[in-house]
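Enquirer: Have a look at the structure that comes next, please.
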Amino acid sequence: MNISQFIVSTALALIVAFHSQTNAAEAEWKAGLATVKITPEKPLPMSGYASRVKPYEKVEQDIYAKALALEDNRGQRAVLVTTDLLGLPRAVAEPICERIREKAKLDRSQILLSSSHTHSAPTIRLEERADPGMAPEDARNIVTYTRGLQDKIVEVAAQALARLEPSKLSWGSGIAHFAMNRREFTPRGVILGFNPRGLADRSVPVLRIDSPEGKLRAALFEYACHNTTLTQTNFHLCGDYAGFAQAHLQAQHPGVQAMFMIGCGGDANPHPRGTCRRNAADWVGRLRRTRHRRGRASIGGGSECQTRRAR
Ligand SMILES: [Zn+2]
């Protein structure tokens, strides 16, 4: 499936970054981690394509909220929560931040909520409003889910802040080639298509969190591209490329928390786009063959990446 294209690209970038990491140094940071599943208990209408108003048909992959709390050597703390969601509207996000702020004695500026912008996630809202074609029961279920989601995000942030322990931070950057500028210039004007000459940021920045002994604990990575590998024909809940990349990394490194943040990718779509049907192994094989032909970095091999200790 197309999603795997990114999984492999990102995983390779991460693994290469890990292999080329600079020497260990004394821990100057504390980090705390926590994860909570946010897959709805009942199927809900999905967000991201207005034409879809019926609930999803299948959970292709569970979705999560993941928290990373950090404290520097001066005792300054901050918490980041990433989510496999299209976005968190202000009306939903601000009450969450207020509760975290009170619970953890943080300023608002020390709290960052983030979404992967997957278009294969549930709709979120607090007002019971049925879009045209949406069943009233589904509108009610969306509100119930959203309230529960708020509780879960507050709790996962609090858990991460309660688990701060000495850690080492380092960062690096890889590359994944599938982001494509989607502003296509035509005689009839600009349309949502694809523009190979247009700008796209294809870097994959990575923040790595290790124990003081050098054991990998978490990896936060970013890519500047809508999570729209799957189109409006998709009725399977999942995190799109970012969700599969996180799952792949966690499978490769059991016990590690993989987290994704969307970059400045408003003009970029994955290319190509498609369905969940393509065999993942097929893409793995294609990518490996391509990389070997080009003499680029491979697993455990040379590096396109540079890493730095975080300060
Ligand atoms: Zn989008």
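Please treat every number below as a calculation from the coordinates, not as lab data. Quick caveat, the model's predicted, so the values are computed rather than measured. Using ideal geometry, Cβ is built from the backbone for each residue, glycine included, and neighbour counts are taken over all protein chains shown.
Enquirer: Please list, ordered by chain and number, the residues whose modelled amide H lies under 5 Å from the amide H of Gly239; skip anything fewer than 5 residues away on the same chain.
Expert: Phe244
Enquirer: Amide H neighbours of Ile63 under 5 Å, counting only residues 5+ apart in sequence or on other chains, H built in-plane at 1.01 Å?
Expert: Here the answer is Ile38, Thr39, since their amide H atoms fall under 5 Å of that of Ile63.
Enquirer: May I pose another question? Hey, can you grab everything whose amide H is under 5 Å from the amide H of Met180? Only 5+ residues off in sequence or another chain; H modelled, so Pro and N-termini drop out.
Expert: HN-HN under 5 Å from Met180: Asn269, His271.
Enquirer: Here's a follow-up. Grab the other residues whose beta carbon is less than 12 angstrom from that of Leu161, score K and R as +1, D and E as -1, and report the net.
Expert: Working: positive: Lys30, Arg77, Arg101, Lys103, Lys105, Arg163; negative: Glu71, Glu155, Glu165.
Residues close to Leu161 contribute a combined charge of +3.
Enquirer: Please compute the net charge surrounding Gln61, taking Lys and Arg as +1 and Asp and Glu as -1 over other residues with Cβ under 13 Å from its Cβ.
Expert: -2
Enquirer: How large is ³J(HN,Hα), in whole Hz, for each residue of the range 123-133 in order, when computed from phi with the Karplus curve 6.51 cos²θ - 1.76 cosθ + 1.60 and θ = phi - 60°, using x for Gly and Pro?
Expert: For the range 123-133, the Karplus-derived couplings read 5, 10, 6, 9, 9, 7, 10, 8, 5, x, x Hz, x marking Gly and Pro.
Enquirer: Using Cα positions and a limit of under 18 Å, work out the lysines in reach of Lys66, with same-chain residues fewer than 8 apart set aside.
Expert: Lys30, Lys37, Lys103, Lys152
Enquirer: Please rank Tyr49, Tyr64, Tyr241, Tyr145, fewest neighbouring Cβ atoms within 10 Å first, as an exposure proxy.
Expert: Tyr49, Tyr145, Tyr64, Tyr241
Enquirer: Here's another thing I want to ask about it. What's log10 of I(q)/I(0) for the range 29-162 at q = 0.09, 0.19 Å⁻¹, Debye sum over Cα points only, no solvent?
Expert: -0.28, -1.02
Enquirer: While we're here: Are there trypsin sites (Lys or Arg not before Pro) in the range 73-104 that DSSP puts in a loop and that have at most 15 other Cβ atoms within 10 Å, and which ones?
Expert: Filter output for the range 73-104: Arg74.
Enquirer: State, as an integer percentage, the relative contact order of the range 29-162 based on alpha-carbon contacts under 8 Å between residues 6 or more apart.
Expert: 34 percent
Enquirer: Mind checking which lysines have their C-alpha under 19 Å from Lys54, skipping anything on the same chain fewer than 8 residues away?
Expert: Partners within reach: Lys42.
Enquirer: Turning to a different aspect of this structure: Distance from the Cα centre of the range 70-104 to that of the range 116-153, in angstrom?
Expert: After rounding, the separation between the Cα centres reads 20 Å.
Enquirer: While we're here: Restricting to DSSP loop positions (anything but H, G, I, E, B) with no more than 16 other Cβ atoms inside 10 Å of their own Cβ, which trypsin sites (Lys or Arg not before Pro) remain in the range 119-151? List each step's numbers first, then the result.
Expert: Working: sites: Arg125, Arg129, Arg140, Arg147; in loops: Arg125, Arg129.
Those satisfying the criteria are Arg125, Arg129.
Enquirer: Ranked by Cβ crowding within 10 angstrom, fewest neighbours first, how are Phe178, Phe260, Phe194 ordered?
Expert: Details: Phe178 22, Phe260 28, Phe194 16.
Ordered from fewest to most neighbouring Cβ atoms within 10 Å, Phe178, Phe260, Phe194 come out as Phe194, Phe178, Phe260.
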